[in-house]
Amino acid sequence: MKRTTHAVVAGAGMGGLLAARVLSETYDQVTVLDRDGLPDEGVPRRGVPQSGHAHGLLSRGSEILEELFPGLTADLVATGAMTCDAQNDVQWFGDGHPLLRAPSQLQCLLVSRPQLEWYVRSRVAALPGVEIHERCEVIEPIAGADGTVTGVRLQRHGQGPEDMPADLVVNATGRSNRGTEWLRRLGYELPAEERVDSRLVYVSREYRRRPGDTDVNAMVVGHTTATPRGGVALSGEGDRWLVTLFGMGDDIAPVDPDGYHAFAARLPVPDLHRLLERLEPLGPPRQMRIPVSIRRRYERLGRHPEGYLAFADALCQFNPTYGQGMTVAACEAAELRRCLADGGPTGLAGRFYERAARIIDVPWDMSVGGDLRFPAVEGPRTLRVKLLNAYIGRLHAAAAADPVVGRAFLSVANLQAPPQRLLSPGVLFRVLRPRRGATAAPQIVAAEKIPVTR
Ligand SMILES: Cc1cc2nc3c(=O)[nH]c(=O)nc-3n(C[C@H](O)[C@H](O)[C@H](O)COP(=O)(O)OP(=O)(O)OC[C@H]3O[C@@H](n4cnc5c(N)ncnc54)[C@H](O)[C@@H]3O)c2cc1C
């Protein structure tokens, strides 16, 4: 008789849910355990403290989510989310330059993090063989004599510890994960860590959205070395704007409403402050200190436990201003699916870590390279990093007048094209050619659609 196979996923955040979705194709049973209460509506929750702050879903991420959950975009739009053209319907400011808006094929989904997570959780819970248990904390994985992980020790709310056997345990417990401590207790060496602390602080506030507030669905103001303060305003369901202002070190947005608006007036460009001045606030500003970015090099371990995977933020947690975390989790889920299709559960950990590292390389380099523009951020500033940052500065200036350059930048930032695209001859020429006075004000051009190039 065929043995029933069981995968346990620790953590029902975005990473855990996406892992559960793909594991359900291979394992007979998938049990997702979360120590938090899981609401049956799209509201922020304690176990995901970032859920009340702006979450942008990159174009690549929304594409994978739609593949994993057909109909997701239409369903979420029916609940008030919005699709938008990332170049035409969003006003971007890079290094203080407005990226020239133009129609493109870069489609994005604007949806709040709680609503997206609630929707994905409902779809995962409806899959055959999948169960989601709330208020159930994973204490640690348990292993057999040969070091292979054979299940987890868990504790349900108000009860004593119990063991749950599993053929695979996925650690998707997010930024607070204790994965390296778990490995140490199982007697394994620990993965090397790369850390970058950009000392970011987010302060977010909701506002009512009314027709005519502005002609875009989102605004993104990047911080500059001269003015290390930035902000985003994202449309979301419930006719709301979610606005997040961020600063570094001690230069952070206050949580009192007047101070909050005054901080917005000190961003590199006045546009977001002008928008805020027109909006009706729906609650007080809320602050969150952003933990350090950490990449854990599991792929470099000589020996790692079979039957165990670190996933999503437990593998790599990014500076959130680049909006990459959920999309990287989606890419990892798609890769996990391919790893299982290629070789099944045998040797899965090594195969997955190696391929996940290739997924993480690009967004990690982009966010760390961007962080290292700021003198207060510690880290090795190689010649390559310095040259690339100087080039990106010129690219932002060129993108104010040239939609092809803006298109290339957004394709890379949305993880739809490799970074080499920014150095392709067509883009390089447009960035480096001398231009007479870059445009200072946002403009909309009726350019032809510029195709996506992967
Ligand atoms: C302020 C901020 C803003 C962000 N903005 C963006 C953005 O714009 N775009 C984007 O793509 N990403 C963004 N991210 C990153 C994004 O939130 C994560 O990358 C994404 O949610 C994937 O994380 P995860 O599933 O690993 O962890 P999470 O989504 O944080 O989920 C972890 C889950 O594990 C549970 N848990 C923890 N410990 C245990 C345990 N011992 N047992 C059981 N359950 C446990 C928690 O309750 C939680 O449900 C942002 C992050 C932060 C901090």
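Every read-out reported here was derived from the displayed coordinates using simple, explicitly stated rules and does not represent laboratory data. What you are looking at is a predicted structure, and each value in this text was computed from that prediction instead of being measured. Don't worry about glycine lacking a Cβ; one is built from the backbone with ideal geometry, like all the others, and counts go over all protein chains shown.
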- [ ] Within the set of other residues whose C-beta is less than 11 Å from the C-beta of Pro39, count the net charge using Lys and Arg as +1 and Asp and Glu as -1.
- [x] -2
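Give me the number: length gained by fully extending Arg274 to His133, i.e. 0.36 nm times residue separation minus the C-alpha to C-alpha distance, one decimal in nm.
On the way: separation 141, 0.36 × 141 = 50.76 nm, distance 4.51 nm.
Full extension from Arg274 to His133 adds 46.2 nm.
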TODO: Place +1 on the Cβ of every Lys and Arg and -1 on the Cβ of every Asp and Glu in the chain, take the dipole about the Cα centre, and give the residue among Gln416, Val138, Pro128 whose Cα lies farthest towards its positive end.
DONE: Gln416
Open item on the list: So if I place +1 on the C-beta of Lys and Arg and -1 on the C-beta of Asp and Glu, and nothing else carries charge, what would the dipole magnitude of region 265-342 be about its Cα centre? I want it in debye, nearest 20.
Closed with: 300 debye
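Would you mind calculating the relative contact order of the chain from Cα pairs under 8 angstrom and at least 6 residues apart, reporting the percent as a whole number? The partial results should precede the final answer.
Values: 948 pairs, mean separation 95.0, N = 454.
Normalised by residue count, the contact order of the chain is 21 percent.
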- [ ] Determine ³J(HN,Hα), in whole Hz, for all residues of region 381-397 in sequence, where each value follows from phi through the Karplus function 6.51 cos²θ - 1.76 cosθ + 1.60 and θ = phi - 60°; x replaces Gly and Pro.
- [x] 9, 6, 4, 4, 4, 5, 5, 5, 5, 5, 5, 4, x, 5, 4, 4, 5
Task: Label point 7 Å beyond Cα of Leu432 along Cβ direction - residues of region 379-405 with amide nitrogen under 17 Å - done: 384-399, 405
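Taking 8 Å as the Cα distance limit and 6 or more residues as the minimum spacing, I'd like the relative contact order of region 61-169 as a percentage. Present the calculation step by step, with values, prior to reporting the outcome.
Working: 129 pairs, mean separation 16.9, N = 109.
Taking the mean separation of contacting Cα pairs over the length of region 61-169, I get 15 percent.
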Open item on the list: Please compute the Kirkwood hydrodynamic radius of the chain from all pairs of different C-alpha atoms, in Å with one decimal.
Closed with: 22.9 Å
- [ ] Rounded to whole Hz and in sequence order, give me ³J(HN,Hα) for region 302-307 from the Karplus expression 6.51 cos²θ - 1.76 cosθ + 1.60, θ = phi - 60°, writing x for Gly and Pro.
- [x] x, 9, 9, x, 6, x
TODO: Using only Cα atoms, find the angle between the long axis of helix 113-125 and the longest principal axis of the chain, and express it within 0 to 90 degrees, rounded to the nearest 10.
DONE: 30 degrees
Open item on the list: So for region 199-289, averaging the separation of alpha carbon pairs under 8 Å that are six or more residues apart and normalising by length, what relative contact order in percent results?
Closed with: 41 percent
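Find out how many positive minus negative residues lie around Gly247, taking Lys and Arg as positive, Asp and Glu as negative, among other residues whose Cβ is under 13 Å from that of Gly247.
On the way: positive: Arg199, Arg229, Arg266, Arg289; negative: Asp250, Asp251.
Overall, the nearby charge balance is +2.
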Task: Separation in nanometres of the label points that stand 7 Å from Cα toward Cβ, at Thr148 and Ala265 - done: 6.6 nm
- [ ] May I ask for the distance between the Cα centers of region 67-146 and region 345-388, given as a whole number of Å?
- [x] 23 Å
Task: Local electrostatic count at His261 - Lys and Arg +1, Asp and Glu -1, tallied over other residues with Cβ under 12 Å - done: +1
TODO: Based on alpha-carbon positions alone, could you give the equivalent ellipsoid semi-axes of region 65-111 from the gyration tensor, as √(5λ), descending, whole Å?
DONE: 26, 10, 9
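Provide, as a two-decimal number, the C-alpha radius of gyration of region 199-289 over 2.2 N^0.38 Å, N being how many residues it has. Each step should come with its number before you reach the end.
Numbers: Rg = 12.1 Å, N = 91, 2.2 N^0.38 = 12.2 Å.
Cα Rg divided by the expected 2.2 N^0.38 Å: 0.99.
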TODO: Provide the per-residue ³J(HN,Hα) series for region 403-413, in order, calculated from phi with Karplus coefficients 6.51, -1.76, 1.60 and θ = phi - 60°, each as a whole number of Hz, with x at glycine and proline positions.
DONE: x, 5, 5, x, 5, 5, 4, 5, 5, 6, 4
